[in-house]
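Encoded as structure tokens, the structure appears first; notes follow it.
A short reminder: the numbers here are calculations on the coordinates, not readings from a lab. From a predicted model like this one, the values you see are computed outputs, not experimental measurements.
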Amino acid sequence: MTAVRLDSPLAPSPTSTWRTAAARRTVRRRGDGSQLGSIALVLGGAVSLQFGAAIAALLFPRAGAMGVVFLRLALAAVVMLLICRPRIRGYSPGDWALVTTFGVALAGLNSLFYQAIERIPLGAAVTLEVLGPLTLSVLAARRKASLFWAALALAGVFLLGRGGFDSLNVEGVLFALAAGVLWALYILLSARTGRHFPKADGLAIALAIGAVLSLPFGIASAGSALLDPVTLGLGAAVALLSSMLPYTLELLALRRIAAATFAVLMSLEPAIAAFAGFLVLSQALSVLEGLGMALVIIASIGAVRLSRSARSSGSGTRDPEDHRQPAVPPNGAVL
């Protein structure tokens, strides 16, 4: 190999070297800015989702929990159907069974969650609900270390209930835990639906199915209040904040950050829900309840990272889904 003298015309000049280094720093800064911007989008979606839930709780005296469920699903379904314009033909009976099950899960999840926040504080409800996805992450990891995160989450739930849930409505706790089970089912069904239906067509159809299923319960709960302009306006605000806005922000963010990072950020939702409950609903948490919520959040983050690590090491390569944009929001923005 022939060495290039520093005074040779082939040697890079100090000016070109400086420009190259400056260009690299510029690219690095842009990458960091893009990452921070995506994180801001995810957190913005979570804030929108939880403040939408808080506004929904304000609607309960007007339309009842089931009336609000119907308004949210129906208005979100109308918007999604207009945007996606999903085709109806060309799907197998199995595809329709899948999307129908998805719609049932959406209706059930919304119903159980709203029944929960009608009875217990929003932050506590979301903390209990997140145990569903957390359990799914623990089972997916299949490692002994996952037992630690499960135990930490149980300790958090114990503190949240102050050793016996004396301060929380028992029915509300059960509704929140049941919503967590359906949230885990939602995650599984959303992935399968995304593989069988293009873009967000499956979500649009499932929302329509969920709205139809919730209609009788909404009428029984709210009656003519569903036609009240103020109720409809607040219902539209709930649908926007809890469905369309977070869904859009999450999809924009997922184009630029890893799904694992997204999942970890979603683990912060109990804290965001507690903040929304405090500001909108004047729901304060005790020190023990705050500590319990923090333990559940830490356990959720640990379980997510462990599950992702287990899948990557099991395949011997980086997780191929790490940067895949899902067809539906994985945190349940349509909840």
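In table form, for the structure just shown:
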quantity	calculated
Linear extension gain, Ala140 paired with Ile88, 0.36 nm per residue minus alpha-carbon span	15.3 nm
Net lengthening on full extension, Ile39/Asn169 (0.36 nm per residue, minus Cα-Cα)	43.3 nm
